[in-house]
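What follows is calculated from the coordinates using simple rules that are stated; it is not laboratory data. This structure is a prediction, so every number in the text was calculated from the model and none was measured. FYI the Cβ positions are ideal-geometry reconstructions off the backbone, even for glycines, and counts take in every protein chain you see.
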Amino acid sequence: MSTATRRRVLPSVRRSITHKFAIGGHEGYLTVGLFDDDQPGEIFIKMSKEGSTLSGLIQGFCRAFSLALQFGLSAEEAVERFRGMRFEPSGPTNNPEIPEATSILDYVARYLELHFAHTARHAA
């Protein structure tokens, strides 16, 4: 018998962080919506000058990723699953904390690891 997990709903008015990044010359913005405990509850990625296919896939990933966070996926688990994924664009970044990324998803996972995964670990 399976137990349904409850979806944690973000507040109507929430804090967020928006981070401008570049990977291999491709610029984008990562916005992380936060729960009241400052843990990520949703993400949005907007890439500059990308085609509809890549934009659509990124939007789909963001929706699924956000729902996973709301249904209990921790930042640590997200990092484990998406860090190291390889596809274009990849290469050098404009972030000295993440000098190289193997994909947009790798970059997002490593950004979450730097800014959120340790928070949950230290709070426990």
Legend entry - Euclidean distance of C-alpha centroids, segment 14-50 and segment 97-119, integer Å: 11
Inset, instruction - Could you size up the charge dipole of segment 16-123 around its Cα centre, putting +1 on the beta carbon of Lys and Arg and -1 on that of Asp and Glu, and report it in debye to the nearest 20? - result: 280
Legend entry - Those chymotrypsin sites (Phe, Trp or Tyr not before Pro) in segment 33-124 that DSSP places in a loop and that have at most 13 other beta carbons within 10 Å: PHE71, PHE87
Inset, instruction - Name the residue, out of LEU112, LEU69, LEU54, whose mean-square fluctuation peaks in a Gaussian network model built on the chain with Cα pairs under 10 Å. - result: LEU54
Legend entry - In segment 1-89, trypsin sites (Lys or Arg not before Pro) in a DSSP loop with at most 13 other beta-carbon atoms within 10 Å: ARG6, ARG7, ARG8, ARG14, ARG15, LYS49, ARG86
Inset, instruction - Check every DSSP H run in the chain and write down those whose alpha carbon atoms cover 15 angstrom or more along the long axis and whose mean Kyte-Doolittle hydropathy is -0.5 or greater. - result: 52-70
Inset, instruction - Could you quote the convex hull projected area for segment 16-123, Cα atoms only and averaged over all directions, in nm²? - result: 6.2
